[in-house]
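Everything on this sheet refers to the single structure shown next.
The values are calculated or read from the model by the stated rules, or taken from the named source; none is laboratory data. Here the structure is a predicted model, which means the values were calculated and not measured. Note that we place each Cβ from the backbone using ideal geometry, even for glycine, and neighbour counts take in every protein chain shown. Only protein heavy atoms, including side chains, enter the accessible area calculation; ligands, DNA and RNA are left aside. Shrake-Rupley method; radii C 1.70, N 1.55, O 1.52, S 1.80 Å.
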Amino acid sequence: MKDTLIQHIDKTQSTNKLLSSWILERADTETKIPPFFALWADFQTAGRGMGSNHWFSEAGKNLLVSFYFEPGIPAARQFLFNQYFSVCTREFIARHVDNVAIKWPNDIYVNGKKIAGILIEHTLSGDRIRHTIAGIGVNLNQEWFPEEIPHPTSLTMETGKPYDVGTFLLNYQELLRERYPLLSTDPAAAEALNREYLKHLYRLNEPHHYAIQGRETTASILGVDEFGRLQLEESDGTLHRCGTKEVVFL
């Protein structure tokens, strides 16, 4: 692949980790990493998800890639980037399969099963975001997963078709560039992005079981606030705003 915004390697510990080191090494050189640059690997020896989670992928079968961005938005509004990246990813996967949803904050589900996981890491400069690394694993051709992984799926499992990883990446990167104007702190634009995010939010306005701050209950997702906290309402009217470590989907 000759696209200068895509670098392919066979194997690395983590594409996010390697890209982060490249950004530092090249910061003040002529080879500075440009926006929308993508580092793509066939295999990760220590692929990461949110928190302490790991990402499992068979070598060469799925898309494992980290993108570089310079969003320049206030650090306090960083959830806007999460919404932009999640909305674009959902939109692109929906070109290939139906019933695609965003599971808060940024997993992508197809027919209630996880097809993609996103790890977003911001580097700040004062009160603004200096740069962002957005790593993603998309299950494309894999058909077997370890038993301990809950409810996984892939495009091949959903459609019965094989997918070329390089072609998928090129088209996905193009969509991210085309839709970048979605990312804006302008009030009207930010509200439009929020509406698009909520339109496809998994379990929105449906009663389901959750563990909220360690207590199991039935609640409905009402939305998210500007800081990305999940808003839930219990059946008795009790309201909650939860960070990622404060709520578990059951």
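Within segment 155-163, is there a residue that is more than 20 Å from residue 134 (Cα to Cα), open to solvent by less than 30 Å² (accessible area, probe 1.4 Å) and modelled with pLDDT of 95 or more?
Among the residues of segment 155-163, at least one is more than 20 Å from residue 134 (Cα to Cα), open to solvent by less than 30 Å² (accessible area, probe 1.4 Å) and modelled with pLDDT of 95 or more, which makes the answer yes.
Here are the criteria: (1) within 21 Å of residue 83 (Cβ to Cβ); (2) free of Cβ contacts under 8 Å to residues at least 12 places away in the same chain; (3) not acidic (Asp, Glu). Tell me which single one residue 167 does not satisfy.
Failing condition for residue 167: (1).
In the list 80, 124, which residue meets the criterion of being hydrophobic (A, V, I, L, M, F, W, C), at negative phi and touching a residue at least 60 places away in the same chain (Cβ under 8 Å)?
Checking each option against the conditions leaves just 80.
Return yes when residue 220 is among the small types (Gly, Ala, Ser) and crowded, with 17+ Cβ neighbours inside 10 Å and no when it is not.
Taking the combined requirement at face value, the residue does not satisfy it.
Look through segment 229-250, keep the residues that are loosely packed, with under 11 Cβ neighbours inside 10 Å and without any contact (Cβ under 8 Å) to a residue 40 or more places away in the chain, and return whichever of them is farthest from the chain's Cα centre (by Cα).
The qualifying residue farthest from the chain's Cα centre (by Cα) is 236.
If you go through segment 175-182 one residue at a time, do you hit one that is without any contact (Cβ under 8 Å) to a residue 40 or more places away in the chain, of a type in the set (Asp, Glu), open to solvent by 20 Å² or more (accessible area, probe 1.4 Å) and closer than 19 Å to residue 114 by Cβ?
Checked segment 175-182: no residue is without any contact (Cβ under 8 Å) to a residue 40 or more places away in the chain, of a type in the set (Asp, Glu), open to solvent by 20 Å² or more (accessible area, probe 1.4 Å) and closer than 19 Å to residue 114 by Cβ.
Just to be sure, is residue 112 open to solvent by less than 50 Å² (accessible area, probe 1.4 Å) and over 25 Å from residue 22 (Cα atoms)?
Considered against the rule, which asks whether it is open to solvent by less than 50 Å² (accessible area, probe 1.4 Å) and over 25 Å from residue 22 (Cα atoms), residue 112 comes out as yes.
Quick one: residue 149 ticks every box in (1) touching a strand residue (DSSP E or B) at 6+ places or on another chain (Cβ under 9 Å); (2) in contact (Cβ under 8 Å) with a residue 12 or more places away in the chain; (3) open to solvent by less than 60 Å² (accessible area, probe 1.4 Å); (4) closer than 24 Å to residue 37 by Cα except a single one, so which number is it?
Condition not satisfied by residue 149: (4).
How many residues are open to solvent by 10 Å² or more (accessible area, probe 1.4 Å), touching a residue at least 24 places away in the same chain (Cβ under 8 Å) and in a loop (DSSP other than H, G, I, E, B) if we restrict to segment 130-145?
Within segment 130-145, residues that are open to solvent by 10 Å² or more (accessible area, probe 1.4 Å), touching a residue at least 24 places away in the same chain (Cβ under 8 Å) and in a loop (DSSP other than H, G, I, E, B) number 3.
Looking at this structure, is residue 59 in contact (Cβ under 8 Å) with a residue 24 or more places away in the chain, open to solvent by 30 Å² or more (accessible area, probe 1.4 Å), part of a loop (DSSP other than H, G, I, E, B) and out of contact with any Phe, Trp or Tyr (no Cβ under 8 Å at 6 or more places or on another chain)?
Taking the combined requirement at face value, the residue does not satisfy it.
Need the failing condition index for residue 101 against (1) under 27 Å from residue 230 (Cβ atoms); (2) surrounded by 14 or more Cβ atoms within 10 Å (Cβ to Cβ); (3) at pLDDT below 95, just the number.
Condition not satisfied by residue 101: (3).
If we scan segment 81-103, do we find a residue that is closer than 28 Å to residue 27 by Cα, in a loop (DSSP other than H, G, I, E, B) and not charged (D, E, K, R)?
No: zero hits.
Please find, among 115, 73, 129, 149, the residue that is β-branched (Val, Ile, Thr) and at pLDDT below 95.
Of 115, 73, 129, 149, the one residue that is β-branched (Val, Ile, Thr) and at pLDDT below 95 is 149.
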